[in-house]
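If you scroll down you'll find the structure; I have some questions about it.
The values are calculated or read from the model by the stated rules, or taken from the named source; none is laboratory data. The structure displayed is predicted, hence computed values, not measured ones. Every residue, glycine as well, gets a Cβ built from its backbone with ideal geometry; the counts of neighbours run over all protein chains shown.
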Amino acid sequence: MTLIYHIIRTLLGLILICATAITFGFLPMPDQSLFSTEGYALIQAIIDTGYLWQTIGVACAFVGIFYVINRFVTLATMVLIPISINVVLFQIFLQPNPLTVSAAPAYIFLACNLFILWINKDDFVYIAAG
């Protein structure tokens, strides 16, 4: 079980670090045709705020780094849970068909995050008590 945990944690961290490259323009944004009109409008509105897109990118970068170096994993998981839930909600409510192959990464992302949360559940007791 620990080998699976380390593989999932490290891969999720590397994926988050790579996704940060899109946020800061090192990689191109996905094509508009991949999104519904409403979904693309939401993404464009988040980008147009001037700070929210970058804030999400910085949060994902730190979480990815923490996952890769295996430090502050509990804190990183707490930061990532709302982001991963919003990614799934985006797929459910703003994409034309939320049960397609293109939506699968969102569900896998949430499942991996919940798996890491479940493995580290004992650490959350200390956070809630303090």
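If you take the residues in region 21-58 that are hydroxyl-bearing (Ser, Thr, Tyr), in a helix (DSSP H, G or I) and free of Cβ contacts under 8 Å to residues at least 12 places away in the same chain, which one is surrounded by the fewest Cβ atoms within 10 Å (Cβ to Cβ)?
Ser33
Just to be sure, is Val68 at pLDDT 90 or above and in contact with a Phe, Trp or Tyr (Cβ under 9 Å, 6 or more places away or on another chain)?
no
Determine which single condition Ala61 fails, assuming it passes every other condition in (1) surrounded by 13 or more Cβ atoms within 10 Å (Cβ to Cβ); (2) over 14 Å from the mean Cα position of the chain (by Cα).
That leaves (2) as the condition not met.
Looking at region 105-125, can you tell me whether even one residue there is in contact with a Leu (Cβ under 9 Å, 6 or more places away or on another chain), of a type in the set (S, T, N, Q) and over 16 Å from Leu11 (Cα atoms)?
No, because not a single residue in region 105-125 is in contact with a Leu (Cβ under 9 Å, 6 or more places away or on another chain), of a type in the set (S, T, N, Q) and over 16 Å from Leu11 (Cα atoms).
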